[in-house]
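Visitor: Please read through the structure below; I'll follow up with questions.
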Amino acid sequence: MNNKVTGSKLSPENRRRAIIELVKEKEVLEVNDLMSLFDISRATITRDLENLQEKGLITKTYGAIVNRESFSPHTEVYSYGASLHENIAEKKAIARAALSLIDNNSTLVFNSGVTTLETARLIAATNLHLNIVTNSLHIAGVFSHDVLRNVLLLGGDLVHGGHKVAGRLTCENMANMQANLAFLGVHDIDLEAGITMPFSNEAELIATIIRRCRRKVILADHSKFGRMSLYKVDCRFEDIDLFITDSGTDAKYVEAFRSRGVETLVVEVGP
C-alpha cells in the first residue's frame, strides 16, 4: 500500500468502494495505513468504516478492519477456568524460559493469563527482590504473603469470574507507570491480523503495557497461533522484543518473526 490516493479527489462513495476492494485483496487493513493511502483524517476514515460496517461489508477491530467474508475469529467462549487445564506442560516450559530473563531488583508487569500465572509461581520460589504490577488477582495472590516482592494491583472493574480487573481505570493506571520487563499472555496471533484479543479492554491494556515497558515478552503456546479474535492489539510484531513459544508452533510463525528482526525462543516440552 505504497501508492497514495488523494482522498479529497474521491467522493465518499468511490473511496468506500476502493476500501472494499482493498480489504478483499488484503483481508486485513490497518486504519492508519488507510488514512495515509487516501490522505484523509481519522474522522473521515472513521465515518467511512462505520458506514461500511453498518452495511455488513467489513468488520472493524481495534485499529484495523477485516474482510467480513474471510473473517473467521476464534468463536469459542473464552473460559479462564478451562484454560487452566489446557497445554499445561507447554505453559510450564515457557514459564521456565521466562524466569531466566528476570534481573534482581527490577519491575515486572504481568497481564492476566495462565502462562503469566505459571511464571509468577516460579518467581515465588526464588530469592529475587522485585516490584510486581498486574491486573490479575490470581498473580497478586501468589505474592500475598511474600516479603521479597512489592505488589501493585492495577485498579479497575472486577471482571466476571473474579480473576482480574479491567477497564478504563486499569489502562489509566498503567499509563502512569514504567517497568523494566513485561510478560504478556495473549489470546490469538495471526500473521495478517496481528495480536488479537476477545475483549476490547484486554487489547487496550496490552497496548498500554507495551508502550510503558522497556522490554516486552509474549508468552504463547502453540494453540495461540493461526487464530483471530475480534479486537486487535494496537502494536506491530516489531514492537515485541521476544516471543517465547513451544516446539508445537508452526515453523512459519517463527521464521516470520525472525525475518522481521523479532527474537523468538522455541522451548522443548519434556515427556
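What follows draws every value from the coordinates through simple rules; no lab data is involved. Small disclaimer: the values here were computed from a predicted structure and weren't measured. Ideal geometry is used to build each Cβ from the backbone, glycine not excepted, and the neighbour counts take in all protein chains shown.
Visitor: Using modelled backbone amide H atoms (1.01 Å from N, in-plane), which distant-in-sequence or interchain residues come within less than 5 Å of His187's amide H?
Guide: So His187 has HN proximity to Thr196.
Visitor: Do the sum for the chain: with -39,500 (n - 2.57) for every DSSP H run of n ≥ 4, divided by all residues, what is the mean residue ellipticity at 222 nm, to the nearest 500 deg cm²/dmol? Walk me through the numbers before you get to the answer.
Guide: Numbers: 10 runs with 99 residues, N = 271.
About -10500 deg cm²/dmol.
Visitor: Just check the stretch 80-267 against the gyration tensor rule for me: Cα atoms, a ≥ b ≥ c as the square roots of the eigenvalues, rounded for a/c under 1.5, and otherwise prolate or oblate depending on whether a/b exceeds b/c. Don't jump to the answer; show the numbers that get you there.
Guide: On the way: a/c = 1.45, a/b = 1.24, b/c = 1.17.
Here the stretch 80-267 falls in the rounded category.
Visitor: On alpha-carbon atoms, Rg over Rh for the stretch 7-67 using Kirkwood Rh?
Guide: My calculation puts Rg/Rh at 0.90.
Visitor: Given a 10 angstrom Cα cut-off, can you work out which residue in Gly113, Gly156, Gly56 is the most mobile in a GNM of the chain?
Guide: Gly56
Visitor: Also: Holding the Cα-Cα limit at 28 Å, pick out from Lys9/Lys55; Lys26/Lys224; Lys24/Lys164; Lys24/Lys216 the pairs that are longer than that.
Guide: From the list (Lys9/Lys55; Lys26/Lys224; Lys24/Lys164; Lys24/Lys216), the Cα-Cα distance tops 28 Å for Lys24/Lys164; Lys24/Lys216.
Visitor: Could I have the simple spin-label model distance between Leu265 and Asn32, label points 7 Å from Cα toward Cβ, reported in nm to one decimal?
Guide: Result for the modelled spin labels: 2.7 nm.
Visitor: Comparing Thr170, Thr126, Thr208, which has the greatest mean-square fluctuation in the GNM of the chain with Cα pairs linked when under 10 Å apart?
Guide: Thr126
Visitor: For the modelled label position 7 Å from the Cα of Thr46 along Cα-to-Cβ, which residues of the stretch 9-35 have backbone nitrogen atoms closer than 17 Å?
Guide: Residues 31-35 fall inside that zone.
Visitor: Would you kindly derive the ³J(HN,Hα) couplings of the stretch 169-183 from the backbone phi angles with the Karplus curve 6.51 cos²θ - 1.76 cosθ + 1.60 (θ = phi - 60°), listing them in order in whole Hz, with x for Gly and Pro?
Guide: Whole-Hz 3J(HN,Hα) from phi for the stretch 169-183: 4, 4, 5, 4, 5, 5, 5, 9, 10, 9, 8, 6, 8, 10, 9.
Visitor: Report the FRET efficiency, 1/(1 + (r/R0)^6), for Leu169 and Asn131, where r is their Cβ-Cβ distance and R0 is 25 Å, rounded to 0.05. It would help to have the intermediate numbers written out before the result.
Guide: Values: r = 20 Å, r/R0 = 0.80.
That pair, Leu169 with Asn131, gives E of 0.80.
Visitor: For the pair Asn105/Ala124, report the inter-label distance in nm, with labels modelled 7 Å from Cα in the Cβ direction.
Guide: So the label points at Asn105 and Ala124 sit 2.6 nm apart.
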